[in-house]
Amino acid sequence: EIQQCATFFRQASTMLNPSGWKDLLAGDLSNCTGKWRYAGGVLEYAPGGNFFVNDVYHNFILDLEFKLASQTNSGIFIRNADHQTWQHRGMEIQIADSHGQPVDTHICGAVYDCQKPSSNPTGKPGVWNRLTIAAAGPRIEVVMNGVRIIEMDLTRWTIPGKNPDNTDNKFPQAMKDLDRPGYIGFQDHGQAVWYRHIRIKPLP
């Protein structure tokens, strides 16, 4: 009952608040595709594939908290053009148990395979981390636990399969040419992960 009251007041405040923030997920998941569990305001991984929100977003700020189990590997897809070809049709912000690891393009907070974070403020397994992802035109920014770790300008990714530093990435087209409007999703990689307080603010 307390959770139902909290959900009601959050939805009511969203309607009254001109700031533009809203819950990403419908309470009954009617705007989503996937088999994950959603209870008490927490989205929890369940086997059966990736979990996508069916609404299309272009420019936005996505704000949430996540918690990992030990050795978890997951990710948040943004601007993904297709639920089925997600590997090469949109960006992934890596979500992974990488507390204390050196930075690279595969640790938590990285734009997977494309840009490593400037630092690694990821908490230990079992603690909640806060993550904010902003996408505005070619600009992508990521803030984790109060630290800005990604400032990315997609116009610098001009060669298919290559990053500006000449390292390889998985994309068959230049990242600057990836679709901008697309879906937001959460990756099934077979390990436990939880998300809560998932809010989004669409931008012009």
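Before moving on, here are some points about what is shown:
- Residues in the stretch 75-95 that are touching a Ser or Thr at 6+ places or on another chain (Cβ under 8 Å) and either on the phi > 0 side of the Ramachandran plot or open to solvent by 10 Å² or more (accessible area, probe 1.4 Å) (or both): H83 only.
- For first residues located in the stretch 179-204 and more than 16 Å from G34 (Cβ to Cβ), partners that are of a type in the set (G, A, S) and assigned to a strand (DSSP E or B) and lie 6+ apart or on another chain with Cβ distances below 6 Å form the pairs L203/A136.
- Being open to solvent by 40 Å² or more (accessible area, probe 1.4 Å), farther than 20 Å from Q84 by Cβ, touching a helix residue (DSSP H, G or I) at 6+ places or on another chain (Cβ under 7 Å) and modelled with pLDDT of 90 or more is a property that holds for G27.
- Any hit, the stretch 152-171, residues being aliphatic (A, V, I, L, M), touching a residue at least 12 places away in the same chain (Cβ under 8 Å) and within 28 Å of T72 (Cβ to Cβ): yes
The values are calculated or read from the model by the stated rules, or taken from the named source; none is laboratory data. Keep in mind that what you see is a predicted model, and the values were worked out from it rather than measured. Quick reminder, even Gly has a Cβ in these numbers, built from the backbone with ideal geometry, and neighbours come from all protein chains shown. The protein model used for the area step is the full one, side chains on, heavy atoms only, and it has no ligands, DNA or RNA in it. Shrake-Rupley method; radii C 1.70, N 1.55, O 1.52, S 1.80 Å.
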